[in-house]
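**Q** Sharing a structure with you now.
The values are calculated or read from the model by the stated rules, or taken from the named source; none is laboratory data. Just so you know, these numbers come straight off a predicted model, no measurement behind them. Counting neighbours? That spans all protein chains shown, and the Cβs are built from the backbone with ideal geometry, glycine included.
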Amino acid sequence: MTRIRSIHAALFAGALLAGCSRDMGGMGDMGGMMMSPDAGDMMMVPGVMDVPPSEGPFETVLARDLDPSPDVVEVALEAKVADVELAPGRRVPMWTYNGTLPGPRIEARVGNTVRVRFKNSLPEATTIHWHGVRVPAAMDGVPAVQSPIAPGAEFTYEFVVPDASTFWYHPHIRSDEQVERGLYGAFVVRGDNEPAATSDRVVVLDDILVNGDWTLSAFDPMHAMAGRQGNLILANGRARPIAPMERGGLHRFRFINAANARYFRLALPGHRLLLIGTDGGLLTAAREVNEVLLVPGERADVLVVMQGDAGTVLDWKSLRYDRGHGTGELPDAVVFQSRNGSGAPVSTPAPPTVLTNIAPLPAADVRRELRLEESMNMSGEHGSGHGSGSGMGMVFSINGQVYPNAAPLNAKLGAVEDWSIVNTTEMDHPFHLHGFRFQIVSGDGQAPEFPAWRDSINVRAEKTTVIRVRLEDHPGVWMFHCHILEHAERGMMGELRVVKP
Ligand code: C2O
Ligand code: CU
């Protein structure tokens, strides 16, 4: 712990020298950067602004399908700067797809061809990555397989969608900046056996760090340690929006955590949630839970029966969660609200029992260990060169290598591999693998409570999570990284090269 405390103290001192005290001082009524007199115990994350509820549309915008064929979904996306109304009267210039936050929701059916005609009208290069969708490597939107799309340039992504689930899309260069500024959208793929539900909506969760005038806060080296956790929580691109709900029923919510760093521990007090799906689609059976934890990048599908009187407004909360750096001391926060309609409760369809089959993967042919590490760079150089500002900074690494200065891992197509992801640090890291879905073998030595397909998983501070993956179908170069985007862009990232044996 001594080492970590001295990193805090040194970083804090460096931040003051770099002039960030000004920002922190201006945040008194903006949630405030909390810290104790001992800089070594300083919390690296701000509190959350209290904002009034926001009437107005709750749902994300559906992308228009430009192709008449039933098997093809063709959408046009343009990345551009646009003013977005984050709260009544608060219009903020954001980086958007087609001018909306989140970007348009892409909807397809399993087996469809999805074609995205993309134009970059941003002032800098970008790409689109289809988080969780098992696409061919050339379509994965990472710099290892595609040159960045320059300002003014276009690129067409095209692939078949093999799995039903809730996915999302976002850039994969300078993601800590580009996603923070608003570049993300939902991607829903439906299969033939979707459970009966009264409604089916997507809720994309995010938070951003804003100044007193609601402009986006510039990156500060202080943000690297815990990731840029925001002081303004957004649900479907608005601060505290209200979802109109019919009472009763069995409502499906597809949650996506698109935040750079925030963990959402979601709950609707007074309600049980029926968890039916994770990143990689439906579970084998519905599970009744009180809450769901969503780490950055992760998704969860839940069903809920809306309780309460007509007109009642309910708070969907993110409960206190300790991922390190004082995050556990921040109080519960309201994420969004729902309002019961004035009508009588609608009938509740029988909740699904059996949902799908998830065959356990066979024993692994290959075992690897990936150690997640952090250190401090005293020279002022950032790991991948993306960091802005000068002065010392955090550097993150996997097995001692700071991406992009990291040797790729080599693997054989079709192999089953066990990866022990060892978190050597004092904070949690959300680990994400591209191109394949995996199953958990153990988390801190415990077998998982239920089978599930995942592509993003929490690795607790100073603990180890073991995942099992079959490297099927898609040879090529695949990224893996921490989904706290400030960590990924400062080196906690790597490449897996999968070749036909
Ligand atoms: Cu959602 Cu490599 O990312
Ligand atoms: Cu991390």
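**Q** State which residue pairs qualify: first residue within 26 Å of Ser375 (Cα to Cα) and inside the stretch 221-249, second residue aliphatic (A, V, I, L, M) and within 16 Å of ligand 1 (Cβ to nearest atom) in any location, beta carbons under 6 Å apart, and separation of 6 or more residues or different chains.
**A** Listed pairs, sorted by first residue: Gly227/Ala261; Gly227/Ile484; Arg228/Ala261; Gln229/Ala261.
**Q** Quick check: is even one residue across the stretch 68-75 among the acidic types (Asp, Glu) and either under 29 Å from His172 (Cα atoms) or at pLDDT 95 or above (or both)?
**A** Here is the first cut: in the stretch 68-75, the residues among the acidic types (Asp, Glu) are 71, 74.
Narrowing the set further to residues that are either under 29 Å from His172 (Cα atoms) or at pLDDT 95 or above (or both) leaves 71, 74.
Checked the stretch 68-75: at least one residue is among the acidic types (Asp, Glu) and either under 29 Å from His172 (Cα atoms) or at pLDDT 95 or above (or both).
**Q** Quick check on the stretch 455-483: of everything there that is within 11 Å of ligand 1 (Cβ to nearest atom) and among the hydrophobic types (A, V, I, L, M, F, W, C), which residue is surrounded by the most Cβ atoms within 10 Å (Cβ to Cβ)? Don't jump to the end; show me each part of the working.
**A** Of the stretch 455-483, the ones within 11 Å of ligand 1 (Cβ to nearest atom) are 455-456, 478-483.
Subsequent filtering for residues that are among the hydrophobic types (A, V, I, L, M, F, W, C) retains 478-480, 482.
Working: Trp478: 24, Met479: 22, Phe480: 24, Cys482: 30.
By that ranking, first place goes to Cys482.
**Q** Please list, ordered by first then second residue, the pairs with beta carbon atoms under 7 Å, 6 or more apart or interchain, first in the stretch 85-99 and exposed (fewer than 15 other Cβ atoms within 10 Å of the Cβ), second part of a strand (DSSP E or B) and of a type outside the set (A, V, I, L, M, F, W, C).
**A** Pro88/Ser54; Arg91/Asp83; Arg91/Glu85; Pro93/Asp83
**Q** Let me ask something else. Take the residues of the stretch 217-254 that are among the basic types (Lys, Arg) and under 30 Å from Leu274 (Cβ atoms): which is surrounded by the fewest Cβ atoms within 10 Å (Cβ to Cβ)?
**A** Of the residues in the stretch 217-254, the ones among the basic types (Lys, Arg) are 228, 238, 240, 247, 252, 254.
Subset that is under 30 Å from Leu274 (Cβ atoms): 238, 240, 247, 252, 254.
Values: Arg238: 24, Arg240: 22, Arg247: 19, Arg252: 22, Arg254: 22.
Checking each candidate, the answer is Arg247.
**Q** Could you say which residue among Glu486, Glu426, Glu495 is away from ligand 1 (no atom under 15 Å from the Cβ), among the acidic types (Asp, Glu) and either under 21 Å from the mean Cα position of the chain (by Cα) or not assigned by TED's automatic domain parsing to the domain that holds Asp163 (or both)?
**A** Details: Glu486 fails: away from ligand 1 (no atom under 15 Å from the Cβ); Glu495 fails: away from ligand 1 (no atom under 15 Å from the Cβ).
Matching residue, one of Glu486, Glu426, Glu495: Glu426.
**Q** Test of understanding: among Gly191, Gly185, which residue is of a type in the set (Gly, Ala, Ser) and within 14 Å of Ile276 (Cβ to Cβ)? Steps first, please.
**A** On the way: Gly185 fails: within 14 Å of Ile276 (Cβ to Cβ).
Every option except Gly191 fails the conditions.
**Q** Working carefully through the options Ser375, Ser379, Ser318, find the one that is among the polar types (S, T, N, Q), in contact with a strand residue (DSSP E or B) (Cβ under 8 Å, 6 or more places away or on another chain), modelled with pLDDT under 95 and under 30 Å from Thr424 (Cα atoms). Before you say what the answer is, go through the steps one by one.
**A** Working: Ser379 fails: in contact with a strand residue (DSSP E or B) (Cβ under 8 Å, 6 or more places away or on another chain); Ser318 fails: modelled with pLDDT under 95.
Exactly one of Ser375, Ser379, Ser318 is among the polar types (S, T, N, Q), in contact with a strand residue (DSSP E or B) (Cβ under 8 Å, 6 or more places away or on another chain), modelled with pLDDT under 95 and under 30 Å from Thr424 (Cα atoms), namely Ser375.
**Q** Right, next: Determine whether Arg105 is farther than 30 Å from Gly328 by Cα, in contact with a Gly (Cβ under 9 Å, 6 or more places away or on another chain) and buried (at least 22 other Cβ atoms within 10 Å of the Cβ). Explain how you work it out, then say what you get.
**A** Numbers: farther than 30 Å from Gly328 by Cα: yes; in contact with a Gly (Cβ under 9 Å, 6 or more places away or on another chain): yes; buried (at least 22 other Cβ atoms within 10 Å of the Cβ): yes.
Criteria met by Arg105.
**Q** Please return the ranges of strands (runs of 3 or more DSSP E) entirely within the stretch 50-149 where 1 or more residues are over 22 Å from Phe436 (Cα atoms).
**A** On the way: elements: 72-87, 90-97, 103-109, 113-120, 129-131.
Qualifying strands (runs of 3 or more DSSP E): 72-87, 90-97, 103-109, 113-120.
**Q** Could you please give the count of residues in the stretch 276-308 that are among the polar types (S, T, N, Q) and in a strand (DSSP E or B)?
**A** Of the stretch 276-308, the ones among the polar types (S, T, N, Q) are 278, 284, 290, 307.
In the following step, the residues that additionally are in a strand (DSSP E or B) were identified as 278, 284.
Of the residues in the stretch 276-308, 2 are among the polar types (S, T, N, Q) and in a strand (DSSP E or B).
**Q** Being closer than 21 Å to Gly47 by Cβ, among the charged types (D, E, K, R) and assigned to a loop (DSSP other than H, G, I, E, B) is the filter here; which residues of the stretch 236-275 pass it?
**A** Hits for the stretch 236-275 are Arg240, Arg262.
**Q** Would you be able to tell me the number of residues in the stretch 309-332 that are of a type in the set (D, E, K, R) and not in a loop (DSSP other than H, G, I, E, B)?
**A** At the first step, the residues of the stretch 309-332 found to be of a type in the set (D, E, K, R) are 309, 315, 317, 320, 322-323, 329, 332.
Remaining after also requiring not in a loop (DSSP other than H, G, I, E, B): 315, 317, 329.
Of the residues in that region, 3 qualify.
**Q** Sort through Thr284, Thr278 and tell me the only one that's among the hydroxyl-bearing types (Ser, Thr, Tyr) and within 30 Å of Arg490 (Cα to Cα).
**A** Numbers: Thr284 fails: within 30 Å of Arg490 (Cα to Cα).
Matching residue, one of Thr284, Thr278: Thr278.
**Q** Quick check: anything in the stretch 302-318 surrounded by 22 or more Cβ atoms within 10 Å (Cβ to Cβ) and charged (D, E, K, R)?
**A** No, the stretch 302-318 contains no residue that is surrounded by 22 or more Cβ atoms within 10 Å (Cβ to Cβ) and charged (D, E, K, R).
**Q** Now for a separate question. Have a look at Ala261, Ala235, Ala218 and point out the one that is outside the structural domain of Ser375 (by TED's automatic domain parsing), among the hydrophobic types (A, V, I, L, M, F, W, C) and within 16 Å of ligand 2 (Cβ to nearest atom). Before you say what the answer is, go through the steps one by one.
**A** Numbers: Ala235 fails: within 16 Å of ligand 2 (Cβ to nearest atom); Ala218 fails: within 16 Å of ligand 2 (Cβ to nearest atom).
Only one candidate qualifies: Ala261.
**Q** Would you confirm, using the coordinates I've provided, whether Gly443 is free of Cβ contacts under 8 Å to residues at least 24 places away in the same chain and either under 28 Å from Ile276 (Cα atoms) or within 16 Å of ligand 1 (Cβ to nearest atom) (or both)? Talk me through it step by step, then tell me what you get.
**A** Numbers: free of Cβ contacts under 8 Å to residues at least 24 places away in the same chain: yes; either under 28 Å from Ile276 (Cα atoms) or within 16 Å of ligand 1 (Cβ to nearest atom) (or both): yes.
When the stated conditions are applied, Gly443 passes them.
**Q** Continuing with the same structure: Test of understanding: among Arg454, Arg460, which residue is under 21 Å from the mean Cα position of the chain (by Cα) and more than 16 Å from ligand 2 (Cβ to nearest atom)? Spell out the reasoning first.
**A** Numbers: Arg460 fails: more than 16 Å from ligand 2 (Cβ to nearest atom).
Just a single option satisfies the conditions, and that option is Arg454.
**Q** A further question on this structure: Which ones in the stretch 137-159 are touching a residue at least 24 places away in the same chain (Cβ under 8 Å), within 16 Å of ligand 1 (Cβ to nearest atom) and farther than 17 Å from Ile106 by Cβ?
**A** Ala137, Ala138, Val142, Pro143, Ala144, Val145, Pro148
**Q** From the list Gly414, Gly435, pick out the single residue that is at positive phi and surrounded by 21 or more Cβ atoms within 10 Å (Cβ to Cβ).
**A** Working: Gly414 fails: surrounded by 21 or more Cβ atoms within 10 Å (Cβ to Cβ).
Being at positive phi and surrounded by 21 or more Cβ atoms within 10 Å (Cβ to Cβ) holds for just one of Gly414, Gly435, which is Gly435.
**Q** Among the candidates Glu158, Glu194, Glu154, Glu177, which residue alone is farther than 19 Å from Phe255 by Cα and buried (at least 16 other Cβ atoms within 10 Å of the Cβ)? Write out each step before concluding.
**A** Values: Glu158 fails: buried (at least 16 other Cβ atoms within 10 Å of the Cβ); Glu194 fails: farther than 19 Å from Phe255 by Cα; Glu154 fails: buried (at least 16 other Cβ atoms within 10 Å of the Cβ).
Sole residue among the options that is farther than 19 Å from Phe255 by Cα and buried (at least 16 other Cβ atoms within 10 Å of the Cβ): Glu177.
**Q** Please enumerate the residues belonging to the stretch 335-354 that are at pLDDT 95 or above and surrounded by 14 or more Cβ atoms within 10 Å (Cβ to Cβ).
**A** Val335, Phe336, Gln337, Ser338, Arg339, Asn340, Gly341, Pro345, Val346, Thr348
**Q** Now, a different point. Going through the stretch 51-82 one residue at a time, which ones are over 21 Å from Glu158 (Cα atoms) and acidic (Asp, Glu)?
**A** Within the stretch 51-82, Glu55, Glu59 qualify.
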